[in-house]
Amino acid sequence: MSQPSIFIIGAGPQIASAVAKLFASNGFSVGLSSRSQENLDKYAASLPSGTKHATAVADAGDYESIVAALDTLKEKLGAPTVVVYNAASLSLGPKPLLELPPAEFEKHLSLTTVGGLVTGQWAAKNLRQDGSYKPTVIFTGGGLSLQPRPGFAGLAAGKAALLNLAKAFRVETKGIHFATVIVKGLVDKGDPYFASPLIAEDYWKLYEEKEEAWTFEVHH
Ligand SMILES: NC(=O)c1ccc[n+]([C@@H]2O[C@H](COP(=O)([O-])OP(=O)(O)OC[C@H]3O[C@@H](n4cnc5c(N)ncnc54)[C@H](OP(=O)(O)O)[C@@H]3O)[C@@H](O)[C@H]2O)c1
């Protein structure tokens, strides 16, 4: 049986790296995608030594580049077992709702939600589904999807839509574990409950679940 693999769109130093390291330590090869090759090289270097890995640059706001990156990772590592959509519009920063330009709101939806749609569609067609491993797709959600905070209406709406999108994938696909981890606090800012390695364990537990006991929404 060939090695299982995890692909992460929106690779980064916190949740993404913790998830990548945990799956790598459980025998997975790792495909990472973010906007910067320089950053990707750093994340790849932090993986457990000997981890088979590949990287591909993509901007999650550019849907064709997401598909191209996923295709590249598949060419290098084979069909994935697990795909994670972790990118979000965090870098757009806060803005009071009454001053939020519609174009910026659209950007939030594009980065936080539509990138998830494109990634989920690609995963449904390309995940390894030969019975050897458990095909899994996980969207990284946020507490803002449940309760917006001042200044973050764009990101909140994007995450709320992403949560609903995960449910829609569940309804319209069979045999794939489409799940969401809703992170309801600030990551790696001192509270041990929100330490990224602990959050990563939720991703691993979701992967390990048997189909008859699948959970779909983890609140962390
Ligand atoms: N951090 C928190 O406190 C927190 C709280 C609740 C929920 N979350 C959610 O958790 C997820 C991960 O957040 P994290 O803070 O732990 O970060 P992370 O997983 O360490 O990294 C996320 C990475 O996404 C990449 N990215 C950003 N915009 C992108 C784009 N347009 N296209 C492709 N890649 C992009 C960035 O890398 P490049 O700069 O190299 O592109 C960034 O480092 C996000 O979905 C976030 O909304 C985070």
Using 7 Å Cα-to-Cβ label points, what is the Lys107/Ala213 separation (nm, one decimal)?
4.5 nm
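Net charge within 12 Å of Pro94 by Cβ-Cβ distance, Lys/Arg positive one each and Asp/Glu negative one each, not counting Pro94 itself?
On the way: positive: Lys95, Arg149; negative: Glu99, Glu104.
Summing Lys/Arg as +1 and Asp/Glu as -1 gives 0.
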Counting Lys +1, Arg +1, Asp -1, Glu -1, what net charge surrounds Ala58 among other residues with beta carbon under 10 Å of its beta carbon?
-2
Evaluate the Debye formula for the stretch 5-219 with equal point scatterers sitting on the alpha carbons, no solvent, and hand back log10 of I(q)/I(0) at q = 0.09, 0.11 Å⁻¹, in q order, two decimals.
-0.31, -0.48
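Grab the beta carbon distance between Glu64 and Glu201, set R0 = 30 Å, and tell me the FRET efficiency rounded to 0.05. Could you put the intermediate results ahead of the total?
Values: r = 34 Å, r/R0 = 1.13.
Working from the Cβ atoms, E equals 0.35.
Helix-derived [θ] at 222 nm for the chain: sum -39500 (n - 2.57) over DSSP H runs of at least 4, divide by residue count, nearest 500?
Working: 7 runs with 88 residues, N = 220.
Taking each H run of at least 4 residues, the total per residue is -12500 deg cm²/dmol.
Explain nothing, just the number: dipole magnitude of the stretch 5-219 about its Cα centre with +1 on each Lys and Arg Cβ and -1 on each Asp and Glu Cβ, in debye rounded to the nearest 20. Each step should come with its number before you reach the end.
Working: 20 positive and 21 negative charges, 37 e Å.
Once rounded to the nearest 20, the dipole reads 180 debye.
Could you please rank Ile199, Ile9, placing first whichever residue has the fewest other Cβ atoms within 10 Å of its Cβ? Present the calculation step by step, with values, prior to reporting the outcome.
Numbers: Ile199 23, Ile9 28.
Result, fewest neighbours first: Ile199, Ile9.
In debye, nearest 20, what is the charge dipole magnitude of the stretch 1-74 about its Cα centre with +1 on Lys and Arg Cβ and -1 on Asp and Glu Cβ, if you could check? Don't skip to the end; give the middle numbers.
Values: 5 positive and 6 negative charges, 69 e Å.
Computed about the Cα centre, the dipole is about 340 debye.
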For the stretch 43-103 and the stretch 121-161, compute the distance between their C-alpha centroids and round to whole Å.
12 Å
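Where in the chain are the DSSP H helices whose alpha-carbon span along the long axis reaches 27 Å or more and whose Kyte-Doolittle mean is at least 0.5? Don't skip to the answer; put the middle values down first.
Numbers: long enough: 153-172 (28 Å, 0.73).
Answer set is 153-172.
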Can you find, among Pro48, Ile138, Asn126, the residue farthest towards the positive end of the dipole of the stretch 34-147? Put +1 on the C-beta of Lys and Arg, -1 on that of Asp and Glu.
Pro48
If each residue of separation counts as 0.36 nm, what is the full-extension length gain between Ser2 and Asp191 once their alpha-carbon separation is subtracted?
64.2 nm
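No value in this document is a laboratory result; all are computed from the given coordinates. Worth saying up front: this structure is predicted, and the values here are computed from it rather than measured. Cβ sites come from the backbone with ideal geometry, for glycine too, and all protein chains shown count toward neighbours.
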